[in-house]
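**Q** Just passing along the structure, written as structure tokens.
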Amino acid sequence: RPPGAHLFPSSPRRRSGVVFRGSVAGRQPVPLHGVYSATKSFDQLLGESLYVELRKDGIDVLVLEPGTTETEFHEVAGEIPHAGQSASEVVEIAISAVGRQPTVIAGWLNWARAMVPSRILPRSLIAYIARDIVKNRTPIENR
């Protein structure tokens with residue numbers, strides 16, 4: 001579209017939104033789930049870029065990083081289930097964040113797990129720590 005053109009030039013200005021389901025795993029290397037963490041990193045950068053790019057067109061973009069959520073994810077991913085937030089709690093957090101910020105990490109503990117290590121430890125050490133955590137949550141036959 002040409003510069004300055006709006007997506008909906010003939011309609012009244014309305015707002016809409018897009019929510020990317022990111023992951024705190026996208027903020028660090030995660031051995032044994034390397035492709036997953038890399039794609040979630042991509043989702044985060046794409047969503048944060050679109051947040052800025054599309055605001056002028058009335059489109060809100062949010063990257064939701066839920067951390068551990070009580071769903072079937074662990075079973076599908078071949079992991080040992082572990083406690084987390086309910087899906088409804090995560091959805092409430094996302095809805096309250098749309099239009100206010102580009103990214104939200106659901107829950108203070110998830111925020112701390114995602115943000116603190118990268119501020120105090122080298123990424124190479126974080127990768128080893130993440131490997132050990134994932135290893136303990138993955139059945140031997142799936143490692």
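**Q** With everything on Cα atoms, drop me the angle between helix 108-120 and the longest principal axis of the chain, reported from 0 to 90° to the nearest 10.
**A** On a 0 to 90 degree scale, this one is about 80.
**Q** Quick check: residue separation of Ser96 and Glu75 times 0.36 nm, minus the Cα distance between them. What number comes out in nm?
**A** Values: separation 21, 0.36 × 21 = 7.56 nm, distance 2.88 nm.
Result: 4.7 nm gained on full extension.
**Q** Out of Thr103, Thr68, Thr39, any idea which swings most in a Gaussian network model of the chain, alpha carbons joined below 10 Å?
**A** Thr39
**Q** Under 10 Å, Cα contacts only: if you run a Gaussian network model on the chain, which one of Arg15, Arg131, Arg100 comes out with the highest mean-square fluctuation?
**A** Checking each option, the largest mean-square fluctuation is seen for Arg15.
**Q** Another question about this same structure. Relative to the longest principal axis of the chain, what angle (0 to 90°, nearest 10) does the C-alpha long axis of helix 87-97 take?
**A** 40
**Q** Send over a whole-number figure in Å² for the accessible area per residue of the chain, probe 1.4 Å. Present the calculation step by step, with values, prior to reporting the outcome.
**A** Working: 9040 Å² over 143 residues.
With all protein chains present, the chain gives 63 Å² per residue.
**Q** Report the relative contact order of the chain, percent, no decimals, based on alpha-carbon pairs under 8 angstrom and at least 6 residues apart.
**A** Details: 202 pairs, mean separation 40.4, N = 143.
Reported relative contact order: 28 percent.
**Q** What FRET efficiency would be calculated for the residue pair Arg21, Ala83, taking the C-beta separation as r and a Förster radius of 22 Å, to the nearest 0.05? Walk me through the numbers on the way to the answer.
**A** On the way: r = 20 Å, r/R0 = 0.89.
That pair, Arg21 with Ala83, gives E of 0.65.
**Q** Once you've got the GNM for the chain with C-alpha springs shorter than 10 Å, pick whichever of Ser23, Ser96, Ser37 has the biggest mean-square fluctuation.
**A** Maximum among the listed residues: Ser96.
**Q** Something else about it: What's the FRET efficiency of Arg55 with Asn136 using the Cβ-Cβ distance as r and R₀ = 35 Å, to the nearest 0.05?
**A** 0.25
**Q** Further question on the same structure: Taking segment 41-123 as the region of interest, what is the percent of Cα-Cα pairs per 10 angstrom bin, listed from the shortest bin to the one with the maximum distance?
**A** Final binned percentages: 16, 38, 35, 10, 0.
**Q** In terms of the ratio Rg/(2.2 N^0.38 Å) built on C-alpha atoms, what value belongs to the chain?
**A** Working: Rg = 17.6 Å, N = 143, 2.2 N^0.38 = 14.5 Å.
So the chain has a normalised radius of gyration of 1.21.
The values are calculated or read from the model by the stated rules, or taken from the named source; none is laboratory data. Bear in mind that the values here come from a model prediction, so they are computed numbers and not experimental data. Cβ atoms come from the backbone with ideal geometry, glycine included; neighbour counts cover every protein chain shown. Surface areas here come from the heavy atoms of the whole protein model, side chains and all, with no ligands, DNA or RNA. Shrake-Rupley method; radii C 1.70, N 1.55, O 1.52, S 1.80 Å.
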